[in-house]
1. Filter region 207-236 down to the residues that are modelled with pLDDT under 80 and not charged (D, E, K, R) and list them by number.
2. Quick test for you: out of 70, 89, pick the one residue that is closer than 22 Å to residue 44 by Cα and at pLDDT below 85.
3. Just name the residue that is farthest from residue 539 (Cα to Cα) out of those in region 423-461 that are among the basic types (Lys, Arg) and either at pLDDT 80 or above or over 30 Å from the mean Cα position of the chain (by Cα) (or both).
4. Pull out all pairs, ordered by first then second residue, where Cβ-Cβ is under 9 Å, the residues are six or more apart or on different chains, the first lies in region 336-356 and is on the phi > 0 side of the Ramachandran plot, and the second is outside any helix (DSSP H, G or I).
5. Only one residue in 288, 261, 305 is at pLDDT 85 or above and farther than 30 Å from residue 539 by Cα, so which one is that?
6. If residue 503 passes every condition in (1) in the same structural domain as residue 360 (by TED's automatic domain parsing); (2) polar (S, T, N, Q); (3) out of contact with any helix residue (DSSP H, G or I) (no Cβ under 8 Å at 6 or more places or on another chain) but one, which one does it miss?
7. Between 114, 100, 138, 83, which is surrounded by 11 or more Cβ atoms within 10 Å (Cβ to Cβ), more than 30 Å from residue 50 (Cβ to Cβ) and not hydrophobic (A, V, I, L, M, F, W, C)?
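The values are calculated or read from the model by the stated rules, or taken from the named source; none is laboratory data. Predicted, not measured: the structure shown is a model, and the values here were computed from it. Positions of Cβ are backbone-derived with ideal geometry, glycine not excepted, and every protein chain shown enters the neighbour counts.
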Amino acid sequence: VGDRLSTWPAYASGQAILQNRKPCCSPEGRSKKQASLTIAKPRYLEELECYLRKELQSLDLTKENAQELKLQPYREIFEFFIEDFKTYKPLLSAIKNEYEVTLAHLREKIRSLEPLKAMLVSVSDECTRQIVALQEEEKAEITMLKKEKLYLLKLIDKMKEEKGSLQTQVNKLRKNVAKEYMRYINECDARKLLLADLNEMRNQQLEMSLRQVQEVKGEDLVKVTLALKIARQDLTKAQVELNTMKADYGDVVPRRDFESQEKKYSDLFEKDFDDLQKEYDTLLEIHQETVEERDRFYNELQQVQRSSTPRPDWAKCAEVISGGLERWSYLEEGKTSDQLVDVLLEEIGTGVLKEKDFFPGLGKGDKVPVYLRYEGQVKNKKLNKKEVVNILKEIWKEKVSADLLSEFFLSYLQKRYGDSSAFEWAYTIYENIKLYRSNEAMSLFYDILSGKVSVDEGLYHGQNQLIANLLKELMASDSSNSGTLVTEQFNLALRAAFPLKSSDQIQELIDASRYKAESTEDLIDYRSIFMEDEEGNAEPFIAKIRSQYASEKQEYLRELRNESPVFCSPLGLPRNPLVQLPGSELRVLRQAGEWGTAGRGGEGASVDSTVTGASQPEHSQMLLGALQRHWMCSMWSPLGQTPLYRQNGQLLLQRAYGA
């Protein structure tokens, strides 16, 4: 090491150290001086520098940890240097270790501060964004405030101008008032002076006249003054007596007028008094009865108010119904309290139904319907309203046979879903249609399926046929195929489709068709009133037609019950359906059948009003009434679909239109 490590000045470089040469020196002198001043670098130092250069050149300084990579060659050279200096090795090693520990500590500290740096950057960015946003908001607010300030300054200037103009007017008016007041004072003083002059002149004239009278008559002035005073007192007394007479006898008439009036009205009083007395007694009795009735109604009202429950606050239901106030407002629109109770029960039942995973089977007894005869637990398919309504529509579409709906219902489910799942679908659909009574499609299907006495399949088919015929009539009236009709055309189409409906019923249908009309134009969008929502709920127009249809059916059955000994049952007709009509209408139908047969033979005949003994208009109306009864029976009864019944109906239709 001794020969490798040699002394070498720290200020010398790897080349020779040259002194500043003088310009006058010769080249030979300069070369000798340079040779003497050149000091060579130690060999071990050159080896270390060469090793350092090679290591540094081999490094990739583009990486992120380039500084650590660059530090490694210096660390190695320092270790070589420590190894060669045995004497100073402990001290140099301690120095190196202390530097390493300090670097490690600083690296660890930097590493722990890295997340804080990222957080600081994100917080700084967030603060910068907030500052920018606040500056933008304040900028808009400052702009608005500046505009408002300019507006207020203009307003203040305008008010100052108005104030100045008004002050000027006030000053001018004050001057005018002061002038007028001075004029008034002057006029008042002048008037007082004038009055004083006039009084003085009058007194002078009076004194002159008194002197002249006294000179003429020679009377004493004191005597005349006293006589004037007494005359004035007598005049005052006479005036008081006159006023007293007027007050006491102002309403008194002369006796001759009283006697003439008494004679005139005595006969009238004696004649009409008895009638008025009777009328008064009658009115008094009526008044007494009215008072008693009022008291009775009032007592009943008090009793009802004490015993009846208060009207519920239906708005509270919006807090517990899913969908909130908006959905509850839609559900309660146009419904009575009874209907709202059904809706609330449906909503509660819907939640309970969704929570059920299985239904208990009802067994296989004879009293159990065919489609519910199952023992054990039945899985709940958890269908919604839309899915149930779609299945019911498919069932009605597929049912063309004369089987009972309960039997076809089970067979359809077995055919579509298999025997193993049919009862699961049957129980799920049955529980849904039993729950949702406010839904028209589900309610009607449930009544028919459960065998309700007043409802059969003919009601469903009859309503659909009635609605289809009405739609055809409306489309025929719409020559432009625009989907809209004016109210007059719509009214005529309704009367053509329902010739026997009353004017009130037609008006109810027109009002229902305009239930949700947004425009004020006299147009009705007849296509939209036939639409249904996804849950099968029809528009108010269709609901009104169905309700009128059901009421007309009940009314017709009541008439048959009262007029005919044989009742036309909703479940079937007797062998001859024509027996159900009243006598006159029955004769019209038979005669129509005979004329129809004659017409087919080629002879042709007209309706003879002598059959019923009625005039031509009455006979035509009777034909239309018989036609309607025949048609309604054909809709409600299975026997109404027989060929004979259809043939008689067609003949009746032809004769009715001919009449």
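1. Hits for region 207-236 are 210, 212, 213, 214, 216, 218, 221, 222, 224.
2. Details: 89 fails: at pLDDT below 85.
Only one candidate qualifies: 70.
3. 452
4. none
5. Just a single option satisfies the conditions, and that option is 288.
6. The single condition residue 503 does not satisfy is (1).
7. Working: 114 fails: surrounded by 11 or more Cβ atoms within 10 Å (Cβ to Cβ); 100 fails: more than 30 Å from residue 50 (Cβ to Cβ); 83 fails: more than 30 Å from residue 50 (Cβ to Cβ).
Being surrounded by 11 or more Cβ atoms within 10 Å (Cβ to Cβ), more than 30 Å from residue 50 (Cβ to Cβ) and not hydrophobic (A, V, I, L, M, F, W, C) holds for just one of 114, 100, 138, 83, which is 138.
A quick yes/no check of all residues on (1) surrounded by fewer than 16 Cβ atoms within 10 Å (Cβ to Cβ); (2) of a type in the set (D, E, K, R):
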position: 425; (1), (2): no, no
position: 432; (1), (2): no, no
position: 435; (1), (2): no, no
position: 442; (1), (2): no, no
position: 450; (1), (2): yes, no
position: 457; (1), (2): no, yes
position: 461; (1), (2): yes, no
position: 470; (1), (2): no, no
position: 481; (1), (2): yes, no
